[in-house]
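J.: Mind having a look at this structure? Questions to follow.
The values are calculated or read from the model by the stated rules, or taken from the named source; none is laboratory data. Predicted, not measured: the structure shown is a model, and the values here were computed from it. Ideal geometry is used to build each Cβ from the backbone, glycine not excepted, and the neighbour counts take in all protein chains shown. Protein only, heavy atoms only, side chains kept; ligands, DNA and RNA dropped before computing areas. Shrake-Rupley method; radii C 1.70, N 1.55, O 1.52, S 1.80 Å.
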Amino acid sequence: MSFHRRLGAGTGPLGGSGMVGQWGASSMVANVQFGTIAMNGVSASATATIAAVDTSRAVLIDLRQSNNWNGGTQPAYTSTTLALTNSTTVTASRNAAGGLSVTAAFCVVEFLPGIVRSVQSGRVSGSGTVAATISAVNTSKSVVLSLGLEGDSGGRDDAFYAYAALTNSTTVTFTRGVSAGSGMYVGYNVVEFF
């Protein structure tokens with residue numbers, strides 16, 4: 001049995017625009033980094049330093065957080081969003097510090113060239129259903145990853161938690177259990193593959 005690379009008008013494995021960067025490589029991943037970000041009781045944001053990555057093909061994954069709160073729901077103090085701020089920095093943010101300590105965990109996966117077409121990240125806010133406008137992507141080759149939620153102090157869970165959907169090629173929508181209630185901030189990644 002023999003295999004041949006298919007040649008075409010483009011540079012991709014099937015003649016499209018994009019290529020598997022390392023033909024014959026046993027992995028599509030250049031590297032994976034894990035980390036945590038500790039925020040003390042007076043910090044609304046904090047950062048972690050990672051080894052440099054190419055942000056055009058690096059994907060940040062939210063591994064959630066832990067906190068020292070043993071009372072009722074306090075999403076302003078205990079929930080975070082994450083952002084890959086630049087090639088060496090991951091930032092965790094929350095709506096307010098409130099005297100509570102939070103540790104946010106993350107993973108950054110950097111793919112080899114030719115695997116990821118685009119990575120679009122952001123943080124949006126609002127009440128009810130919240131939408132983010134992105135540059136057009138191919139919805140059959142794209143995924144949405146949540147980078148966390150932040151809420152207002154004392155918000156109810158049904159007004160705080162939301163699920164994400166790639167509504168169309170230019171819109172990411174976050175839908176809550178109820179449309180009323182406190183505002184929220186939502187972090188997201190949209191990763192489009194070749």
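J.: Across the stretch 116-131, what is the number of residues that are open to solvent by less than 20 Å² (accessible area, probe 1.4 Å) and at pLDDT 95 or above? I'd like the intermediate steps shown before the answer.
T.: So the first thing to find is which residues in the stretch 116-131 are open to solvent by less than 20 Å² (accessible area, probe 1.4 Å), and the list is 116, 128, 130.
In the following step, the residues that additionally are at pLDDT 95 or above were identified as 116.
Selection size over the stretch 116-131: 1.
J.: Starting from the stretch 89-101, keep only residues that are more than 21 Å from VAL59 (Cα to Cα), then list their pairs with residues that are part of a strand (DSSP E or B) and among the acidic types (Asp, Glu) whose Cβ atoms are within a distance under 8 Å, requiring at least 6 positions of separation or different chains.
T.: ASN95/GLU150
J.: State which residue pairs qualify: first residue closer than 16 Å to VAL109 by Cβ and inside the stretch 182-194, second residue open to solvent by 30 Å² or more (accessible area, probe 1.4 Å) and of a type in the set (A, V, I, L, M, F, W, C) in any location, beta carbons under 6 Å apart, and separation of 6 or more residues or different chains.
T.: Between residues of the stretch 182-194 that are closer than 16 Å to VAL109 by Cβ and residues that are open to solvent by 30 Å² or more (accessible area, probe 1.4 Å) and of a type in the set (A, V, I, L, M, F, W, C), the close pairs are ASN189/LEU145; VAL190/VAL144; VAL191/VAL119; VAL191/VAL143.
J.: How many residues, within the stretch 42-65, are over 19 Å from VAL144 (Cα atoms), open to solvent by 70 Å² or more (accessible area, probe 1.4 Å) and in a strand (DSSP E or B)?
T.: Of the residues in that region, 2 qualify.
J.: Scan (1) surrounded by 12 or more Cβ atoms within 10 Å (Cβ to Cβ); (2) of a type outside the set (D, E, K, R); (3) at pLDDT 60 or above; (4) part of a loop (DSSP other than H, G, I, E, B) for the single condition THR36 breaks and write down its number.
T.: Against the list (1) surrounded by 12 or more Cβ atoms within 10 Å (Cβ to Cβ); (2) of a type outside the set (D, E, K, R); (3) at pLDDT 60 or above; (4) part of a loop (DSSP other than H, G, I, E, B), THR36 comes up short only on (4).
J.: Same structure again: Here is a list: GLY98, GLY151. Which entry is touching a Pro at 6+ places or on another chain (Cβ under 8 Å) and modelled with pLDDT under 90?
T.: Details: GLY98 fails: touching a Pro at 6+ places or on another chain (Cβ under 8 Å).
Within the list GLY98, GLY151, the selection yields GLY151.
J.: Exactly one condition in (1) of a type in the set (A, V, I, L, M); (2) under 18 Å from the mean Cα position of the chain (by Cα); (3) modelled with pLDDT under 95 is false for ILE50; which is it?
T.: (3)
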